[in-house]
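So the structure is just underneath, and the comments pick up after that.
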Amino acid sequence: FLTPAQRMAHVGRWSARMLRALGIRLEARGSVQAGPVLLVANHISWVDILVVNAVHPARFVSKADVKHWPFLGFLVASGGTLFIERERKRDALRVVHQIAAALKQGDVVAVFPEGTTGDGHGVLPFHANLLQAAIATEVPVQPVVLRYRDAASQVSQAPSYVGDTSLAASMWSTVMADKLVAAIVVENAQGTRHADRRALAEHLRETIAERLEHW
């Protein structure tokens, strides 16, 4: 019974409540410009989706198995997520077309170009394929920088979801962390007209890495 705009607003409120329920304080700088825009973020944890949505609800591109996660899977699917089968190389092209269609209708779309999660200290290489949607539609991109800290460390590993860490274990360590803070910086939007996707990917990666280095 909700319109797309009402649904996204609900996702934003739900995400903010979930962060509070998990004991995570949100610390945000910068703002997402009015859509259409493609958000490009570094990836650390399943919590990233809640953090970005709490600042500005977006349609995420996510691996297909996320929709089967408890609680989060329902939230992600309800937010109009575009699911990608990462094991199928040709599936990226299908998702690029879907992102382009979403941007053309004025949506805010968020991607994690690393394709996997890192430890929060640096940024892994970016895959450029999905950025083609923004270039083809001449929609701006905005780098989004994520980092977590707690009472014990300026770069908290509590919400990490890397390697063999299970979702349950990551959730438990997140809940048990002392004074966990999710910090997010939304950098200025950048144009994409006539951009080369690989050069754009490297530029965005460098922007995010520099912010992390001088946080």
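The values are calculated or read from the model by the stated rules, or taken from the named source; none is laboratory data. The model shown is predicted, which means the values in this text are computed figures rather than measured ones. We place every Cβ from the backbone using ideal geometry, glycine too, and count neighbours over all the protein chains shown. Surface accessibility is based on the protein's heavy atoms, side chains included, excluding ligands, DNA and RNA. Shrake-Rupley method; radii C 1.70, N 1.55, O 1.52, S 1.80 Å.
A straight chain from residue 199 to residue 6 at 0.36 nm per residue would run longer than the Cα-Cα distance by 65.8 nm. The modelled label-to-label distance between residue 136 and residue 178, using points 7 Å beyond Cα along the C-beta direction, is 5.1 nm.
What is the helix-to-structure angle for 197-213, meaning the angle in degrees between its Cα long axis and the longest Cα principal axis of the chain, kept from 0 to 90 and rounded to the nearest 10? It is inclined by approximately 30 degrees.
Computed with a 1.4 Å probe on the full set of protein chains, the accessible area for residue 214 sits at about 130 Å². The order of 74, 112 by accessible area, most exposed first and with a 1.4 Å probe, is 74, 112. With respect to the chain, whose longest principal axis is taken over its alpha-carbon atoms, helix 4-21 is tilted by about 20°. Extending 7 Å from the Cα toward the beta-carbon at both residue 68 and residue 34 defines two label points whose distance is 4.2 nm. Solvent-accessible area of residue 94, all protein chains in place: 90 Å² (probe radius 1.4 Å, heavy atoms, ligands and nucleic acids excluded).
Multiplying the residue separation of residue 168 and residue 26 by 0.36 nm and removing their Cα-Cα distance gives an extension gain of 48.9 nm.
Seen against the Cα atoms of the chain and their longest principal axis, helix 167-176 is set at about 50 degrees. Of the residues 182, 38, 9, the one whose Cα sits farthest toward the positive end of the charge dipole of the chain, with +1 on the Cβ of Lys and Arg and -1 on the Cβ of Asp and Glu, is 9. Put simply, the convex hull of the Cα atoms in the chain casts, on average, a shadow of 11.1 nm². Inter-part distance, region 28-60 to region 122-188, computed on C-alpha centroids, equals 10 Å. Average 1/r across all pairs of distinct alpha carbons in region 105-215, invert it, and you get the Kirkwood radius: 15.4 Å.
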